[in-house]
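**Student:** I'd like to ask some things about the structure below.
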Amino acid sequence: MSEDVHDLANRLFTMARSGDAATLAEYLDSGVPVNMSNQSGDTLVMLASYHGHLDVVRLLVDRGADVNQANDKGQTPLAGVVFKMHDDVLDALLAAGADPTGGSPTAVETAEMFGREDLVDRFKRKPE
C-alpha cells in the first residue's frame with residue numbers, strides 16, 4: 001500500500017472514531033468501500049459504534065455497512081456497544097439486523113458479563 005493510500009485510510013478510520021459524518025459521507029459517495037477494515041479487522045461501523053457516534057453508524061448502515069462483521073479478535077460492533085453502554089447505537093445496530101449471538105464474545109455474553117440483564121432479556125426474546 002502506498003503511503004498516500006495508507007494516510008487516507010488512517011484519516012477515514014479517524015473520521016469514524018471521532019464522529020465526522022459529513023466528511024466520511026463525502027468519501028463514501030466518492031467510492032470508499034463502506035466495509036473497509038484496518039489492520040485489526042475493525043470496520044468503520046465498528047469504530048463509530050464503539051465510540052458512540054450514532055450519526056456515523058446510521059450513515060454507514062444507510063450505505064450498506066455489514067453490522068455483523070467481526071474484527072480479527074472475533075468481536076462485533078454490537079458486543080462493543082454493550083461494553084461501552086451506548087444504548088442509542090445498540091438500538092440502531094439491532095434495527096439494522098445486528099445478531100446478538102454473533103462474534104466472540106457475543107453481545108449476549110458481554111451483557112451477562114457486565115450485569116446488563118435488561119439486554120440479556122432483550123437479546124433472548126423472540127422477535128414478534
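**Student:** When you check A98 against the structure, is it part of a helix (DSSP H, G or I) and buried (at least 20 other Cβ atoms within 10 Å of the Cβ), yes or no?
**Tutor:** Working: part of a helix (DSSP H, G or I): no; buried (at least 20 other Cβ atoms within 10 Å of the Cβ): yes.
When the stated conditions are applied, A98 does not pass them.
**Student:** Now for a separate question. Pairs please, first residue from segment 11-30 and buried (at least 19 other Cβ atoms within 10 Å of the Cβ), second anywhere and among the polar types (S, T, N, Q) and in a helix (DSSP H, G or I), Cβ atoms under 7 Å, 6+ apart in sequence or on different chains.
**Tutor:** Pairs found: M15/T23.
**Student:** Among the residues of segment 53-63, write down those that are farther than 16 Å from G80 by Cα, out of contact with any strand residue (DSSP E or B) (no Cβ under 9 Å at 6 or more places or on another chain) and either of a type outside the set (K, R) or part of a loop (DSSP other than H, G, I, E, B) (or both).
**Tutor:** First, pick out the residues of segment 53-63 that are farther than 16 Å from G80 by Cα: 55, 58-63.
The next check asks that each one be out of contact with any strand residue (DSSP E or B) (no Cβ under 9 Å at 6 or more places or on another chain); those that pass are 55, 58-59, 61-63.
Residues satisfying the conditions are D55, L59, V61, D62, R63.
**Student:** Scan segment 119-126 and tell me whether some residue there is in contact with a helix residue (DSSP H, G or I) (Cβ under 6 Å, 6 or more places away or on another chain), at positive phi and crowded, with 16+ Cβ neighbours inside 10 Å. Walk me through it before giving the result.
**Tutor:** Step one: list which residues in segment 119-126 are in contact with a helix residue (DSSP H, G or I) (Cβ under 6 Å, 6 or more places away or on another chain), which gives 119-120, 123.
Cutting the leftovers down to at positive phi gives us none.
Taking every residue of segment 119-126 in turn, none turns out to be in contact with a helix residue (DSSP H, G or I) (Cβ under 6 Å, 6 or more places away or on another chain), at positive phi and crowded, with 16+ Cβ neighbours inside 10 Å.
**Student:** Looking at segment 98-116, which of its residues are within 12 Å of M85 (Cβ to Cβ) and polar (S, T, N, Q)? Even if it seems obvious, please write down each step before you answer.
**Tutor:** In the first step, residues of segment 98-116 are kept if they are within 12 Å of M85 (Cβ to Cβ); the result is 110-111, 114-116.
Within segment 98-116, T110 is the sole residue that qualifies.
**Student:** Can you confirm whether segment 43-52 contains a residue that is polar (S, T, N, Q), at pLDDT 95 or above and not in a helix (DSSP H, G or I)?
**Tutor:** Yes: one or more hits.
**Student:** Next question. Applying the selection to segment 1-29, what residues are assigned to a loop (DSSP other than H, G, I, E, B) and either within 15 Å of the chain's Cα centre (by Cα) or at pLDDT 95 or above (or both)?
**Tutor:** Filtering segment 1-29 for residues assigned to a loop (DSSP other than H, G, I, E, B) gives 1-2, 19-20.
Correct list: G19, D20.
The values are calculated or read from the model by the stated rules, or taken from the named source; none is laboratory data. Remember, it's a predicted structure, so these values are computed and weren't measured experimentally. Cβ atoms come from the backbone with ideal geometry, glycine included; neighbour counts cover every protein chain shown.
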